[in-house]
1. Name, by its number, the condition in (1) more than 60 Å from the chain's Cα centre (by Cα); (2) part of a loop (DSSP other than H, G, I, E, B) that does not hold for residue 441.
2. Is it the case that some residue within the range 435-443 is at pLDDT 90 or above and closer than 30 Å to residue 312 by Cβ?
3. Hey, residue 407 hits all of (1) more than 27 Å from residue 328 (Cα to Cα); (2) surrounded by 13 or more Cβ atoms within 10 Å (Cβ to Cβ); (3) of a type in the set (Ser, Thr, Tyr) but one; which does it fall short on?
4. Out of the residues in the range 377-400 meeting the condition of being within 19 Å of residue 323 (Cβ to Cβ) and in a loop (DSSP other than H, G, I, E, B), tell me which one is farthest from the chain's Cα centre (by Cα).
5. Go over the candidates 275, 258 one by one and state the one that is more than 35 Å from the chain's Cα centre (by Cα), in contact (Cβ under 8 Å) with a residue 60 or more places away in the chain, closer than 20 Å to residue 393 by Cα and assigned to a strand (DSSP E or B).
6. Within the range 397-417, can one find any residue that is modelled with pLDDT of 90 or more and within 30 Å of residue 460 (Cβ to Cβ)?
7. For residues in the range 220-264 being among the hydrophobic types (A, V, I, L, M, F, W, C) and more than 18 Å from residue 292 (Cβ to Cβ), which is surrounded by the most Cβ atoms within 10 Å (Cβ to Cβ)?
8. Search the range 473-521 for residues being within 60 Å of the chain's Cα centre (by Cα), among the small types (Gly, Ala, Ser) and outside any helix (DSSP H, G or I), and hand back the single one that is surrounded by the most Cβ atoms within 10 Å (Cβ to Cβ).
Amino acid sequence: MSEQSNTNPPRGNAQHPNDRERPGRVGPRPLDRPSVDPAQASVFGRPRGVDGAFDPATTRRQGGQTDAGSARLAPPPPEALAAAFGRPADAPDEKLQRPPGDGPGATGASEEPLWSGRNGRTDPWRDPGAGAMLGAPAVDGETEDTEQRERDKGTMLSLPEVLFGRRVKTTALALLGVIALGVGAVGGVTGWWLADQGNEINRDVTLADVSPGKERAAGSVAGIAKRVAPAVVSIEVQAGQTGGVGSGVVIDEQGYVITNHHVVSTAVDNDDAKITAVFRDGTRAPAQLVGNDPKTDLAVIKVNVRNPTVVRSGSSEQLAPGDAVVAVGSPFGLADTVTEGIVSALHRPVTAPGEGGEPPVIYDAIQTDASINPGNSGGALVDSTGALVGINSLIRTVGSESGQGGSIGLGFAIPIDQAKRIAEALIADGEVKHAELGVNAKSVSASSSEGAQVQNVNGGGPAAGAGIKEGDVITKVGERKVRNATELTVAVREHNVGDKVPIQLVRQGRELTVEATLGSD
């Protein structure tokens, strides 16, 4: 292959002097003329009569003339342009322009050819005599690596160029400033805190004892008290030099509070008396008397407050002896006092002397062993769900030398079903009317019967109209048995005024049943 490159130079009239120093030079390939398909030759071949690469009809003749019928050539350039840009008159007739000083008559040392490279190596991309060869890339590695490093390095900007050369956006500079201020502020605060804490490193530290949170079962007394206590208020009554304290329960969002009559009795006939309700959070609000019922020891007052906590009403008819109950009130002025007990008995007729010559108090009570003391009067008795089932009213106690005794586990509450009817009547009319039979009776007990013996009959009353006489022993009113005089009153008041009620009695050893139309007290 090397011999072929030496004996057959690729082009030119002489062999280049540096060709012998180029190992691995590739010479020209041998000429290969494949046979031509006659069909393709007829389509792509030269027209008949044309032997060369150019049509003889367009070949320029001497003198600048062309054959007739040939294409028209551009006219010769103007003489001024030809004189300015044409070849000199004494220039040889050459087709290619050579470098200055390389023509005939040139003097001095000629410059190296344009394709001369470094270290005597020839640039094959510029050398017209260079053949195809395998060698190094056109750009050497050192130059390429330097340019790549320059591109990777990027442009280094000075501070004046950043601030005044408009090379960075103003918003970017502002954001950078805000970030710098934020970092500085955080660093300053952190340093101050660390310095402040550093002064307390040697201080004695006492770790607090942490106990697990208390978990209470559903329906616990604590949970009941938390829900009910905000609806129970302390009531203070001041009338001149006398006064008293008790409890009350908020039963309506408009501020109506139910309590005992004996708690507010001093303010019934005294216009100068002041009634104050004290709520659990310490709020004190004046109250006005709406109505009272001495016969059942109930009264209603009204307090002007916004959004008071109202107790949830239950049903006393659903109770049974043994049910758990909780009493909430202010015994002896001790607000938010909670005591727990059970229902000891139901439908327990109780009586108590009236206040200041008023008629005796009689009602069908709920008996409980929850601790009730003076000051609990008018407070709430709730069931295990926190629903109001009674209004605490009386206690049975053993007297002491001072005339006052404590709780001995016998407390009585007015059933909420009865208290609700009376409170609604007091709010609507300011008074309440009870059914009455029109007799006076006393309790009796004999071997043959027990009941309420009639002492006298009011003329023209319901009993007289029914034929009841003195000495008769009433044993049953409606569906309820009567065992004593107090229970007779309770049995009659369970009905409404005007009701026709069958009354069973014993007269001279014989049982009779009469029907009486109840009147009003």
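1. (2)
2. So far as the range 435-443 goes, yes, one or more of its residues are at pLDDT 90 or above and closer than 30 Å to residue 312 by Cβ.
3. Status for residue 407: all satisfied but (1).
4. 379
5. 258
6. Within the range 397-417, not a single residue is modelled with pLDDT of 90 or more and within 30 Å of residue 460 (Cβ to Cβ).
7. 232
8. Across the range 473-521, the extreme among qualifying residues is 478.
The values are calculated or read from the model by the stated rules, or taken from the named source; none is laboratory data. In this text the structure is predicted, and so the values were computed from the model without any measurement. Heads up, the Cβs are rebuilt from the backbone with ideal geometry, glycines too, and the neighbour counts pull from every protein chain shown.
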